[in-house]
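For reference, the structure discussed in these notes is given below.
The values are calculated or read from the model by the stated rules, or taken from the named source; none is laboratory data. Just so it is clear, the model here is predicted, and its values are computed rather than measured. Note that each Cβ is placed from the backbone with ideal geometry, even for glycine, and that neighbours are counted across all protein chains shown. Protein only, heavy atoms only, side chains kept; ligands, DNA and RNA dropped before computing areas. Shrake-Rupley method; radii C 1.70, N 1.55, O 1.52, S 1.80 Å.
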Amino acid sequence: MAWSCSKSRTPTIAQRRIHSTVSVTSGQTVLLGGLISEQQDNNKAGIPGLNQIKYLGDIFGNTTKNRMRSEIIVFIRPMVIRNALDAQGIAEEFRERLETMRAPAPVIEGRDVPAFLPGPANSRRIPSPER
């Protein structure tokens, strides 16, 4: 990992940038891009010398293979703020969305409990499996 210090004196571990020019109406969501990262780790451990002998080494050692993948998608939703009333409304909507994200998801279990997708007032119903 490369460490660097920006003008704010906080270390930056990894930095990626997206540059784009788009024309949208106020409140329209735009996908700017995505970042995909893949990492693979292969580790061998065991009794030194014995784990390197062909076929016998499998008994005296082990191999661990890990593969990790992460994807980040960057969306923006620009809003035109014409006055203080617009700013207040947008700030309140943002606070509500943050509170929704912080709240723990309810866990409902049961065969006869209707299932709903998250959304405004549970508006989208998931079809129940046929019995």
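Can you work out which of the residues in region 64-96 that are over 17 Å from THR29 (Cα atoms) and in contact (Cβ under 8 Å) with a residue 12 or more places away in the chain is farthest from the chain's Cα centre (by Cα)?
Residue satisfying both the conditions and the ranking: THR64.
Just the residues that are assigned to a strand (DSSP E or B), open to solvent by 90 Å² or more (accessible area, probe 1.4 Å) and either among the hydrophobic types (A, V, I, L, M, F, W, C) or farther than 17 Å from SER70 by Cα (or both), please, taken from region 10-43.
Kept after step one, since they are assigned to a strand (DSSP E or B), are these residues of region 10-43: 11-12, 30-43.
With the extra rule that they be open to solvent by 90 Å² or more (accessible area, probe 1.4 Å), the set shrinks to 31, 36, 38-40, 42.
Correct list: LEU31, ILE36, ASN42.
Filter region 79-107 down to the residues that are among the β-branched types (Val, Ile, Thr) and either under 26 Å from VAL22 (Cβ atoms) or modelled with pLDDT of 90 or more (or both) and list them by number. Please lay out each step first, then the result.
Here is the first cut: in region 79-107, the ones among the β-branched types (Val, Ile, Thr) are 80-81, 90, 100, 107.
Passing the criteria: VAL80, ILE81, ILE90.
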